[in-house]
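**Student:** Just passing along the structure, written as structure tokens.
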Amino acid sequence: MNIFRLLGDLSHLLAIIILLLKIWKSRSCAGISGKSQILFSVVYTTRYLDLLTTHVSPYNTVMKLVFIFTSYATIYLMYVKFKATYDHNHDTFRIEFLLIPTFILALLINHEFTVLEVLWTFSIYLESVAILPQLFLVSKTREAESITSHYLFALGSYRALYLLNWVYRYVVESHYELIAIISGVVQTILYCDFFYLYITKVLKGKKLQLPA
Amino acid sequence: EEDVPAKDEL
């Protein structure tokens with residue numbers, strides 16, 4: 001565990017906490033894409049199936065369980081408890097356009113053709129694009145609340161910090177995992193436009209608003 | 001056969 005990896009995990013955890021607190025405190029999930037949240041649940045469920053077969057460390061196990069549990073809790077809040085506030089008119093991204101190609105890609109490009117390995121690979125590919133419905137929602141409504149921007153910034157930073165972790169691990173441990181690295185690069189690139197708006201607007205106290 | 005890298009990351 002290096003500092004980039006730890007900061008990445010903490011940033012990921014922070015993003016989840018910000019999102020849950022935002023929904024809970026405001027009693028509203030307006031501006032949040034339920035489609036992206038469903039995709040994240042699929043990502044964690046398919047990636048962490050190895051909880052049943054391998055033990056890495058208590059830290060690893062606890063974090064995996066937290067990510068799985070909180071992703072389902074978020075879906076419960078959005079689709080059951082605060083259903084009336086869910087922005088379904090704007091959350092119209094067709095998730096099968098992400099689920100099907102990433103699954104096919106996982107069947108074609110993986111380390112080993114086994115159920116667990118293909119599902120792990122699928123989760124990595126799917127995670128890299130899972131934020132698209134959320135970015136699509138923001139682009140449709142042309143704005144995001146500050147708290148939603150903080151959530152997106154923390155969530156985007158997590159994989160960016162993992163990129164630094166992979167550089168560190170390659171240099172220090174000669175360890176590298178191409179599937180995760182390439183997907184992580186794609187994932188981070190998708191956030192770049194948002195990062196730019198966050199730094200130039202939200203950090204200066206302005207609301208994140210897209211030009212008309 | 002290619003080795004499957006260890007999954008110690010999240």
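**Student:** Please give the net charge around A:S41, taking every other residue with its beta carbon less than 14 angstrom from that of A:S41, where Lys and Arg add +1 and Asp and Glu add -1.
**Tutor:** Summing Lys/Arg as +1 and Asp/Glu as -1 gives +2.
**Student:** Further question: Taking the Cα centre of chain A as origin and charging only Cβ (+1 Lys, Arg; -1 Asp, Glu), how large is the dipole, in debye to the nearest 20?
**Tutor:** 920 debye
**Student:** Take chain A, mark every one of the chymotrypsin sites (Phe, Trp or Tyr not before Pro) that falls in a DSSP loop and has at most 13 other Cβ within 10 Å, then report the longest stretch left between them, sites excluded.
**Tutor:** Between exposed loop sites, the widest span is A:1-112.
**Student:** Moving on to the next point. If we count every other residue with Cβ under 12 angstrom of A:Y59's Cβ, Lys/Arg +1 and Asp/Glu -1, where does the sum land?
**Tutor:** -1
**Student:** Checking understanding here: applying a Kyte-Doolittle mean of at least -0.5 and a length along the axis of at least 15 Å (C-alpha), which whole DSSP H helices in chain A pass?
**Tutor:** Sorted by number, the helices that extend far enough and score high enough are A:3-26, A:34-47, A:58-76, A:96-108, A:115-129, A:146-173, A:178-200.
**Student:** For n ≥ 4 DSSP H runs only, could you compute -39500 (n - 2.57) per run for chain A, divide by its residues and tell me the 222 nm figure to the nearest 500?
**Tutor:** For chain A, the value works out to -23500 deg cm²/dmol.
Coordinate-derived values only; no laboratory data. From a predicted model like this one, the values you see are computed outputs, not experimental measurements. When we count neighbours, we look across all protein chains shown, and the Cβ atoms used for this are built from the backbone with ideal geometry, even at glycine.
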